[in-house]
Structure formats: C-alpha cells, structure tokens
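**Q** Pasting a structure below so you can have a look.
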There are 2 protein chains.
Amino acid sequence: MSNNTSPALQVALAYHEAWKNRDHATAMKVVADNVVSETPFGPVEGGEALHKGESEFAHILKGATMVAAFGDETTALLMYYTHTIPVPSVLSSKYFKVENGKITEIKALFDKSQFPVQ
Amino acid sequence: MSNNTSPALQVALAYHEAWKNRDHATAMKVVADNVVSETPFGPVEGGEALHKGESEFAHILKGATMVAAFGDETTALLMYYTHTIPVPSVLSSKYFKVENGKITEIKALFDKSQFPVQ
C-alpha cells in the first residue's frame, strides 16, 4: 500500500495522521507558510487559510481509513475514506508536493455533493 | 511522477490511456469480467455495466492531464484532470486493483457537483 522510502510520502503521512486525529495544529508543522491548496470549495492560499478551513472541518471529522498511499522524492498521493458526523464514509484523495520537508501544494478531492446542503 | 516498475501501474495506465482517448473497448481488454467499481453515482457491478457507463461518458469526454501516477505489485493510484465538454477541467482520482494482469476493482472519484444538473 505504501512505499516508506519516499520522503514526500513520509511528510504527507505525518500531515494526514495529525489531520485525521483532528490535530491540525500538529499537521501544520510540515506545511510551508506559502502552501497553495486546491479544494472542492475552491483555491485556498497560504497556511493560515488552510489551517482555518481544516480546523472548522475538524468539528465534523471522525477519522479516516487509508485505501492507498504512494510517493516519490517530491510528491505523494493518498486515497482514503473520510469519516464524518453527517456522512459515515466519503471517498477522498489528496496529492501533496513537498519541498525541503514541507508541503507546498495540496490538491484535495472528494465529492462534496455527498454532504447535505448547509 | 510514476514508477513504471509497477505491473499494476502499467495495467492501470493502459486502461487510462485508452479511456482518455474515448476508446473504452480497448480499455476493457485489461478489465476482468467481474470488476467491481465504486463511482460518484454509486456501485457498478461487472465489466459490461462499466463499459456501458464509460461509453456514455465518452460523449462528453475530451481528454485528461495526469497529475500523479503510482503503483505497486497489485494496486495503482492516479490523479488527473478530466477534460469534458461541459466542464473544462475536473480534478479526478482513480484507484485500481489488478489481479493476473486484469483490473478487478476500481474506485473512481470526482466532485460530481461540478457538473451542471441534468
């Protein structure tokens, strides 16, 4: 499922583990200040905005179950089920670009139509 | 971006290349008859149902641009932008399980709310 010789995957998994445990402050330790994220809700510019969004999401997050995790020198790709309070299991995928040990780019993907309209 | 020593990734890329060229009949050559797919529209059981769904989708498909592609002995994971007639670029991810050179499981993910309601 995973290739732990990939330095980018190690960073991505450190982020993912903290994220799924609703400890996004710890996840941010491996995120560059100028990280750029693509999300189902649009682009998110910078670490502060990412942390704000994920900290809000943490209120409905229950955990995650990994499907597949791969990486190479500078990139990593995960697929997993996200477990949330409104929807028990949401297939999700996240791509990470890692530079100098920090995440500089995230592409986050899930089908947001699975969530009830707010 | 990819590790071509992975036999599962080679099969997944053969599928993906044919799929993006709207030649799903060729893609089916590496798909097991009893393939099980998870899609944003629900589960799809069997190769025939998969081929029917993808052949219909081919009418709006224009192509795809790879973001990342990884694999190991039996699984592969892709992320790419799907280019369609109604929506120019849709972030997409697909997981493949490969057994004896054939795809036996697909988990296909995109945000279907990006498409206009039919």
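Just so you know, all these numbers are worked out from the coordinates, no wet-lab data involved. Predicted model only: the values in this text are computed from it and were never measured. Please note: Cβ atoms are built from the backbone with ideal geometry, for glycine as well, and neighbour counts cover all protein chains shown.
**Q** I'd like the residue in segment A:73-115 that is of a type in the set (S, T, Y) and over 19 Å from A:H51 (Cα atoms) and, out of all such residues, is nearest to the other protein chains (Cβ to nearest Cβ).
**A** A:S113
**Q** For segment B:62-72, does any single residue satisfy the condition of being more than 11 Å from chain A (Cβ to nearest Cβ) and in contact with a helix residue (DSSP H, G or I) (Cβ under 7 Å, 6 or more places away or on another chain)?
**A** Yes: segment B:62-72 contains one or more residues that are more than 11 Å from chain A (Cβ to nearest Cβ) and in contact with a helix residue (DSSP H, G or I) (Cβ under 7 Å, 6 or more places away or on another chain).
**Q** Residues of segment A:71-95 being within 14 Å of the chain's Cα centre (by Cα) and of a type outside the set (G, A, S), which ones?
**A** Passing the criteria: A:T75, A:L77, A:L78, A:M79, A:Y80, A:Y81, A:T82, A:H83, A:V90, A:L91, A:K94, A:Y95.
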